[in-house]
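Worksheet: the structure to be examined is printed underneath.
The values are calculated or read from the model by the stated rules, or taken from the named source; none is laboratory data. Bear in mind the structure is a predicted one, so any value in this text is a computation, not a measurement. All Cβ positions, even for glycine, are placed from backbone atoms using ideal geometry, and neighbour counts span all protein chains on display.
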Amino acid sequence: MLSVVVLFAIAPVARYPFALQLEGDPSAISAQHVHAGRDDSGLSAPRCEGSVSFVGKQAIDSYASLARQYFQQDANVGLTLYLSAVAPSVELKEDGWHAVVRHELELYDSGEVRLGSWTVEGRGHVVGLGEGALPAAFERATNMAARAFEAQFEEPAPVVARLATLGVAQGAVARRPALPEAPLPPPERAPGFRPTRSRSGLYFDTGARFAVLSHESTSRSANPTENGVASATEIATGLDLRLGATAGWFFAQAGFTSANARGGEIAHSLTTVGADLGALLQLNSALKLALGLGLSASRVAVSNYSFGPQPVTKSSWFAEPDLIAALRWTPPFGTRLRLHLTVEARYRLISFDTSMVNGAYQDHLDSGLSGALLLGVELPFSRETRP
């Protein structure tokens with residue numbers, strides 16, 4: 001037999017007045033449960049990754065812990081607890097897979113007279129899909145089996161009689177009851193999304209503007225056969241400048257935008273000066289979302305190159321309302337340098353109509369979408385706001 005001797009601390013009370021030596025059959029001590037790997041169906045084996053559970057070592061460790069808790073090393077009388085078998089298995093129940101262990105134990109006195117025998121079982125839910133899921137389930141099952149032995153230790157009559165000869169009444173040593181199988185942990189709940197207030201501060205942004213210009217041009221002539229209507233869509237590119245402020249849940253900014261595009265004989269130039277106001281949500285430590293409205297004064301210049309060597313240009317001013325959505329991201333290096341990147345989408349709510357050459361040429365510029373990619377810096381003034 002392979003013998004494992006356990007040392008115990010001395011305690012004046014609440015322990016049995018004899019030493020307990022642990023021994024075990026080599027096959028029990030070396031017992032393992034080998035899980036080949038996940039079964040995606042989850043019907044023939046747990047779906048967790050492959051693993052080896054050293055259930056024999058887990059059993060010896062559990063009973064050694066009981067021995068340290070309830071028995072004394074320096075007593076003149078010694079008993080032997082023999083672990084004769086450890087049988088691991090897995091079972092599929094209505095609530096999922098369980099790891100199951102069965103321990104067979106025998107207690108002998110110094111004269112090798114058997115005082116009692118126990119067959120105890122423990123179970124543990126298999127939780128998770130990783131490599132450690134099944135070994136952890138067997139650990140819980142082993143602890144449950146050891147607690148069952150602890151609760152049943154004084155049930156065999158020879159054990160009670162032997163304790164009486166040592167002056168220990170049945171139940172004098174307080175032991176814990178059997179341990180029920182722990183319920184499955186509740187499923188993890190995804191953390192709720194809760195935007196927070198932004199800190200107060202000033203910022204300056206600059207970058208590139210891209211605007212979709214869809215327009216329809218109408219030419220009229222004294223000769224009806226020369227009349228015509230042409231439609232086209234161009235991407236106007238230009239520059240954005242912004243100066244803004246944030247305070248808690250809100251932002252306000254003033255800006256200047258210039259964008260130009262030419263398609264064939266027609267060119268458009270848009271110059272805008274205006275202000276935006278809206279809500280600012282701090283989504284996480286690095287990302288903010290801005291939603292708002294803008295109102296600008298827009299100068300729209302239309303140039304027609306079809307009337308001669310020099311273009312005919314007509315410019316007009318319009319009041320332009322916009323809808324705005326923007327994401328502002330602070331990269332890892334941006335916190336120290338006070339830099340951020342902004343991606344903005346802006347929708348112009350009105351169209352622009354321009355007439356020139358005594359009404360012989362008319363241009364209709366539709367409402368449309370534009371975007372901007374901006375690099376910004378926080379100005380020295382900034383302070384935290386209360387949540």
- request: Considering only the range 330-353, state which residues are assigned to a strand (DSSP E or B) and farther than 15 Å from Ser367 by Cβ.
  value: Leu339, His340, Leu341, Thr342, Val343, Glu344
query: Pick from the range 18-60 the residues that are under 38 Å from the mean Cα position of the chain (by Cα), touching a residue at least 40 places away in the same chain (Cβ under 8 Å) and part of a helix (DSSP H, G or I): which of them is nearest to Asp109 (Cα to Cα)?
result: Ala59
Subset of the range 280-293 [surrounded by 14 or more Cβ atoms within 10 Å (Cβ to Cβ) and either more than 20 Å from the chain's Cα centre (by Cα) or among the hydrophobic types (A, V, I, L, M, F, W, C) (or both)]: Leu280, Leu281, Leu283, Ala286, Leu287, Leu289, Ala290, Gly292
message: Within the range 376-385, take every residue that is exposed (fewer than 14 other Cβ atoms within 10 Å of the Cβ) and either hydrophobic (A, V, I, L, M, F, W, C) or in a loop (DSSP other than H, G, I, E, B) (or both) and give me the one that is modelled with the lowest pLDDT.
response: Glu384
Residue list for the range 246-288, filter: closer than 24 Å to Tyr361 by Cβ and hydrophobic (A, V, I, L, M, F, W, C): Ala259, Ala261, Ile266, Ala267, Leu270
task: Would you be able to say whether some residue in the range 62-69 is at pLDDT 90 or above, of a type outside the set (A, V, I, L, M), under 19 Å from Arg175 (Cα atoms) and surrounded by fewer than 20 Cβ atoms within 10 Å (Cβ to Cβ)?
output: yes
task: Read through the list (1) farther than 22 Å from Arg242 by Cα; (2) in contact with a His (Cβ under 8 Å, 6 or more places away or on another chain); (3) of a type in the set (S, T, N, Q), then give the number of the only condition that Asn260 fails.
output: (1)
- line: Residue hits (the range 158-177; hydrophobic (A, V, I, L, M, F, W, C) and surrounded by 16 or more Cβ atoms within 10 Å (Cβ to Cβ)) are Val159, Val160, Leu163, Val168, Val173
- line: Note on the range 128-147: residues of a type in the set (A, V, I, L, M, F, W, C) and surrounded by fewer than 18 Cβ atoms within 10 Å (Cβ to Cβ) are Leu129
task: Could you tell me whether the range 351-363 includes any residue that is surrounded by 14 or more Cβ atoms within 10 Å (Cβ to Cβ), closer than 30 Å to Val377 by Cα and in contact with a Leu (Cβ under 8 Å, 6 or more places away or on another chain)?
output: no
message: For the range 102-141, give me the residue count where each residue is of a type in the set (A, V, I, L, M, F, W, C) and assigned to a strand (DSSP E or B).
response: 5
message: For the range 61-101, which positions are assigned to a strand (DSSP E or B), under 30 Å from Leu134 (Cβ atoms) and of a type outside the set (A, V, I, L, M)?
response: Tyr82, Ser84, Pro88, Ser89, Glu91, Lys93, Gly96, Trp97, His98
- request: Select, from Glu104, Glu155, Glu150, the only residue that is surrounded by fewer than 19 Cβ atoms within 10 Å (Cβ to Cβ) and modelled with pLDDT under 95.
  value: Glu155
message: So if I check each of Leu327, Leu280, Leu293, which one is more than 17 Å from Ser370 (Cα to Cα) and part of a strand (DSSP E or B)?
response: Leu280
- prompt: Considering the range 36-61 alone, what residues qualify as being within 26 Å of Ala148 (Cα to Cα) and in contact with a strand residue (DSSP E or B) (Cβ under 9 Å, 6 or more places away or on another chain)?
  reply: Pro46, Val52, Ser53, Phe54, Val55, Gly56, Gln58, Ala59, Ile60
